[in-house]
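Q: Sending over a structure as structure tokens; questions will come in a sec.
The values are calculated or read from the model by the stated rules, or taken from the named source; none is laboratory data. Here the structure is a predicted model, which is why all the values come from computation and not from measurement. Here the Cβ positions follow ideal geometry from the backbone for every residue, glycine too, while neighbour counts run over all protein chains shown.
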Amino acid sequence: MSTADDLSPAERYADYRNGRKHPVFRAFESLYSFPLDDFQARACHEIEDGRGVLVAAPTGSGKTIVGEFAVHLALETGRKCFYTTPIKALSNQKYNDLVARYGPDQVGLLTGDNSVNGEAPIVVMTTEVLRNMLYAGSRTLLGLGFVVMDEVHYLADRARGAVWEEVIIHLPESVALVSLSATVSNAEEFGEWLATVRGDTTTIVEEKRPVPLYQHVMVGKRLLDLFADSDVDAKAGFVKEGAPVNNELLRIARDDWASSRMKDRRSPRGRSQAGGGRGNAGGPKQVGNGRRVWIPSRYDVIDRLDREGLLPAIVFIFSRVGCDAAVTQCLNAGIRLTSPEERDAIYQFVEESCRHLPDEDLQVLGYHDFLDGLTRGVAAHHAGMLPAFKQCVEELYLRGLCKVVFATETLALGINMPARTVVIEKLTKWNGETHADITPGEYTQLTGRAGRRGLDVEGHGVVLWQPGINPREVAGLASTRTYPLRSSFRPSYNMAVNLVHQFGRERSRELLEQSFAQFQADKAVVGLARQLRKSEDALDGYREAATCHLGDFMEYAALRRRISDAEKGAAKSRRNDRREEALASLAQLKPGDVIEVPTGKFAGFAVVIDPGFSAEGPRPYVVTADRQARRLAMIDFPTPVAAVTRLKIPKNFNGRNPQMRRDLASALRSRTHNLTSPPTRPGKAPADSGTEREVTRLRNEMKAHPCHQCPDREDHARWSERWFKLDRDARTLKRRVEQRTNTVARQFDRVCEVLTALEYLDGDEVTPRGRHLMRLYSDMDLVAAESLRHGLWDGLTPSELAAALSVLVFEARRPDDASSPRIPGGPVKPVVGEMVKLWGELDALEREHHLDFLRAPDLGFAWAAYRWAEGDDLDDVLGAIELAAGDFVRWMKQLLDLAGQVADAAGDAELRETAREVVRRLRRGVVAYSGLAD
């Protein structure tokens, strides 16, 4: 933004008028020491004018300032503002930021873990908490004026994305919605949907980065530019497609490819070719012309970035083990990035932050190694770490004390940790099923953290050289604008009962048809419907062109088509019969049989070496009379084949040996010299002549039709054929339109059918059974509700109930992680067995209604839940299961959520109290830590 001295008189007058029109924004802007960008100012103006906004901007561009203005405006106008985030860590971070500005009396926090000052005018919460409030009709919603949805692009998340759409659809119309999103390629489409469901909404897309981003590849200890042109638009965060790649990188890639080809030829098969061993320790790689390409070690990377002044850095390693190993490797190499004063500050901060954790737990959690790494300026950050440790890393990094963070991609999801440099170690990652290339959207999201506004003149994205890397593919990742936002919305059982309770089925159906999922499906239908209308218009024209003065020509044409279809069907049936006969004849062949290949490139006599039976059918391996050894296929045998004579195959015959082939071919020619081709075997006679009789009847009917005598018959026939072909295409289009129309509503109908069958719904009424389900928000909501209904958890102790509930929460990271889970003794095993049986019945019911919502219960956390509820030490619990401390805490907190829901939903007073006791027992030690600043 320009200063007042830079403005012309006309611009100064416009600025003055704008200030009078938006006085709250003018006061808000004065709180910052830097001028706001145009997109920020425009968005704030729209909010002050009473409109909702969608702001799509790159990471680090300052879009959260727009959300903070909504908070400021709410306080200035005496209204409430809810600030929603996708993850608890981001909620905690935003809560602390807002408390620092407005004070603890003005700001509250509501997450699954914490409830602080929930009736404050400003409340930070996870999106699920707001969804639950809307369904419950919470009084906290009174006076709500604004909702900020940070990271709203999370609605594409398969597991949780539906919650964002539920909130957007169900918020009262009087609430202004401020949506903050990463740059997505269809922001305008998303904004159009928001305007449809929320009313007046302005979409503001900002593609320029506040800090330019430059792309590099690190080869050995050299940091090379990715692009040849130094004038690429680094402000955009991506470059135009086709930008020239650095020739030096292309040369290295060619040499690398040539070297690997040569090595493949020279090296014995199966011998390891790894240069640096496990953990990317690094090592030389000999290339074709004698030069060596070094795969940079992790220490080399940090050392080079440090010498170039490119720290702080985030190094993305798509493996938790890899992140921890990277810290260990740097420490073993003697790395030290901090001054004595910084080390003292780090030590004091970490000790203070972890003082609430028991000493015996700290030993188990590797606290001293963690502290050693931090005091030297390096740390890991991933979901397997204890939340308290992760928050130490985040805070010390933001203070500039932690210089390097080795992180998994989860760090890129929301929390505020910008860097001067972002390093991506590999361009492939495990996606849950296989190692796949990262997408352009993921690349943009990761590198987008490079370049700290107000601190850095430029940001840097670095990809580490790996064997087989293609610089042009890297350039393609860097030059793709971004990724489209796709809805993951689908109605759940809990959603259905809550909607029907509030609105009835018909109104609920209408609401769900407003979802972004249906909006996107409908937009796709628009093009199909346009094609369908064109086809229908053309059909009318074709029918008119086929009009005959003697009679109904379309009726006559239909007779002709029925005759043609019947004849084609009969011919196809005969071909299938011949194929079956050919298959049966090939299955009878034996080594040494001499056959005559009827057609194709290898037609003539051949001797069978191997009949070649396989799942795909027989593929005989033969030697022909002209000395060729070939494996034949069914295409070579359109008719059945039979052995005409036999030859003895030499022992140890090898078809690759030319001399053996010559000798066998010579014997074959001698044996077949006087043989004539065997007669073609007749096919089976048709079982009946019903088809022939039907064709004859239709032909007679056709000849008797008045149009058969028309002199323009064939001209009419051409138009009728066009009509039939277009009609077939139009019917296909119509089916596609019907499939995409009301897809969400039809899925909702199927959900309601399941709930009606189980007596959770009775028409427009939610039954008492359904009211229990209304309070269960788990992914396994229906299994939990049915377990309550059948009394499966009645009489369990708190520890036993914790174990039973855990099977509805826990999911092993990989299917083989919990192959033989340990189950507590007593009643837990039979109860869990009944729950699994119950799930099986529900799964069958879902399949009947073409649904697939409920996954199988996972028993892998039952033992840990039981022992923790029994009061065991963290060391004992973690020692009994293959689970990282961070995962243990995360699953425990989800188990706490479900236990709290059961305490609300259960009809039995004793079970309600047992569930509350589960919550009390589980919330201790590392699980009880809230993550809030004191």
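Q: Testing residue 69 on (1) surrounded by 24 or more Cβ atoms within 10 Å (Cβ to Cβ); (2) closer than 22 Å to residue 897 by Cα, one condition comes back false. Which one is that?
A: Evaluating residue 69 over (1) surrounded by 24 or more Cβ atoms within 10 Å (Cβ to Cβ); (2) closer than 22 Å to residue 897 by Cα leaves (2) as the failure.
Q: Report the residue count in segment 620-634 for those that are closer than 19 Å to residue 588 by Cβ and surrounded by fewer than 17 Cβ atoms within 10 Å (Cβ to Cβ).
A: Number satisfying all stated conditions: 4.
Q: Return the total of residues in segment 594-626 being closer than 14 Å to residue 653 by Cβ and within 50 Å of the chain's Cα centre (by Cα).
A: Counting residues in segment 594-626 that are closer than 14 Å to residue 653 by Cβ and within 50 Å of the chain's Cα centre (by Cα) gives 3.
Q: Being outside any helix (DSSP H, G or I) and either over 12 Å from residue 380 (Cα atoms) or in contact with a Pro (Cβ under 6 Å, 6 or more places away or on another chain) (or both) is the filter here; which residues of segment 319-346 pass it? Full working, then the answer.
A: Start the filter on segment 319-346 by keeping residues that are outside any helix (DSSP H, G or I), which leaves 319, 333-339.
Hits for segment 319-346 are 333, 334, 335, 336, 337, 338, 339.
Q: Here is a follow-up. State the number of residues belonging to segment 848-859 that are closer than 18 Å to residue 828 by Cα and more than 24 Å from the chain's Cα centre (by Cα).
A: Residues flagged as closer than 18 Å to residue 828 by Cα and more than 24 Å from the chain's Cα centre (by Cα) within segment 848-859 amount to 1.
Q: Hey, another quick one. Go through segment 99-119 and report how many residues are part of a loop (DSSP other than H, G, I, E, B) and either within 20 Å of residue 76 (Cα to Cα) or basic (Lys, Arg) (or both).
A: Total satisfying the criteria: 7.
Q: Can you confirm whether residue 115 is in contact with a His (Cβ under 9 Å, 6 or more places away or on another chain) and either touching a residue at least 60 places away in the same chain (Cβ under 8 Å) or closer than 27 Å to residue 102 by Cα (or both)? First the steps, then the outcome.
A: Values: in contact with a His (Cβ under 9 Å, 6 or more places away or on another chain): no; either touching a residue at least 60 places away in the same chain (Cβ under 8 Å) or closer than 27 Å to residue 102 by Cα (or both): yes.
No: the conditions fail for residue 115.
Q: State yes or no: is residue 533 over 26 Å from residue 714 (Cβ atoms), over 26 Å from the mean Cα position of the chain (by Cα) and buried (at least 16 other Cβ atoms within 10 Å of the Cβ)?
A: It is false that residue 533 is over 26 Å from residue 714 (Cβ atoms), over 26 Å from the mean Cα position of the chain (by Cα) and buried (at least 16 other Cβ atoms within 10 Å of the Cβ).
Q: Any chance segment 554-562 includes a residue that's touching a residue at least 24 places away in the same chain (Cβ under 8 Å), acidic (Asp, Glu) and closer than 19 Å to residue 487 by Cα?
A: Scanning segment 554-562 turns up no residue that is touching a residue at least 24 places away in the same chain (Cβ under 8 Å), acidic (Asp, Glu) and closer than 19 Å to residue 487 by Cα.
Q: On to the next question. Out of the residues in segment 177-190 that are surrounded by 23 or more Cβ atoms within 10 Å (Cβ to Cβ) and part of a helix (DSSP H, G or I), which is modelled with the highest pLDDT?
A: 190
Q: Moving to a separate point now. Which of the residues that make up segment 324-347 are within 18 Å of residue 397 (Cα to Cα) and among the hydroxyl-bearing types (Ser, Thr, Tyr)?
A: 338, 339, 347
Matching residues to (1) surrounded by fewer than 18 Cβ atoms within 10 Å (Cβ to Cβ); (2) at negative phi:
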| site | (1), (2) |
| --- | --- |
| 58 | no, yes |
| 62 | no, no |
| 65 | no, yes |
| 82 | no, yes |
| 94 | no, yes |
| 105 | yes, yes |
| 125 | no, yes |
| 132 | no, yes |
| 140 | no, yes |
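Q: So, one more: Can you pull out every residue in segment 582-617 that is β-branched (Val, Ile, Thr) and part of a loop (DSSP other than H, G, I, E, B)?
A: If the condition is that a residue be β-branched (Val, Ile, Thr) and part of a loop (DSSP other than H, G, I, E, B), then 599 is the only one that fits.
Q: With over 29 Å from the mean Cα position of the chain (by Cα) and at pLDDT below 90 as the only criterion, which of 872, 876 stands out?
A: Just a single option satisfies the conditions, and that option is 876.
Q: Follow-up. Under 6 Å by Cβ, and 6 or more places apart or on different chains, what pairs join a residue from segment 692-712 that is farther than 19 Å from residue 568 by Cα with one that is assigned to a loop (DSSP other than H, G, I, E, B)?
A: 706/550; 707/550; 710/550
Q: Can you work out which of the residues in segment 816-845 that are surrounded by 12 or more Cβ atoms within 10 Å (Cβ to Cβ) and farther than 22 Å from residue 791 by Cα is modelled with the lowest pLDDT?
A: Residue satisfying both the conditions and the ranking: 818.
Q: If residue 356 satisfies all but one of (1) within 32 Å of the chain's Cα centre (by Cα); (2) modelled with pLDDT under 90; (3) outside any helix (DSSP H, G or I), what's the number of the condition it fails?
A: So residue 356 meets the others, but not (1).
Q: Would you check if there is a residue in segment 415-428 being closer than 30 Å to residue 517 by Cα, modelled with pLDDT under 80 and under 25 Å from the mean Cα position of the chain (by Cα)?
A: Among the residues of segment 415-428, at least one is closer than 30 Å to residue 517 by Cα, modelled with pLDDT under 80 and under 25 Å from the mean Cα position of the chain (by Cα), which makes the answer yes.
Q: Does residue 503 count as of a type outside the set (Asp, Glu), under 30 Å from residue 743 (Cβ atoms) and without any contact (Cβ under 8 Å) to a residue 60 or more places away in the chain?
A: When the stated conditions are applied, residue 503 passes them.
Q: Let me ask something else about it. Could you please find all residues in segment 628-654 being closer than 16 Å to residue 597 by Cβ, part of a loop (DSSP other than H, G, I, E, B) and touching a residue at least 24 places away in the same chain (Cβ under 8 Å)?
A: Once the filter is applied, which keeps residues that are closer than 16 Å to residue 597 by Cβ, part of a loop (DSSP other than H, G, I, E, B) and touching a residue at least 24 places away in the same chain (Cβ under 8 Å), segment 628-654 yields 628, 632, 637, 638, 639, 640, 641, 642, 643, 644, 647.
Q: Test of understanding: among 609, 595, which residue is over 21 Å from residue 578 (Cβ atoms) and at pLDDT 90 or above? Quick ask: steps written out before the conclusion?
A: Numbers: 595 fails: over 21 Å from residue 578 (Cβ atoms).
After ruling out the rest, the residue left standing is 609.
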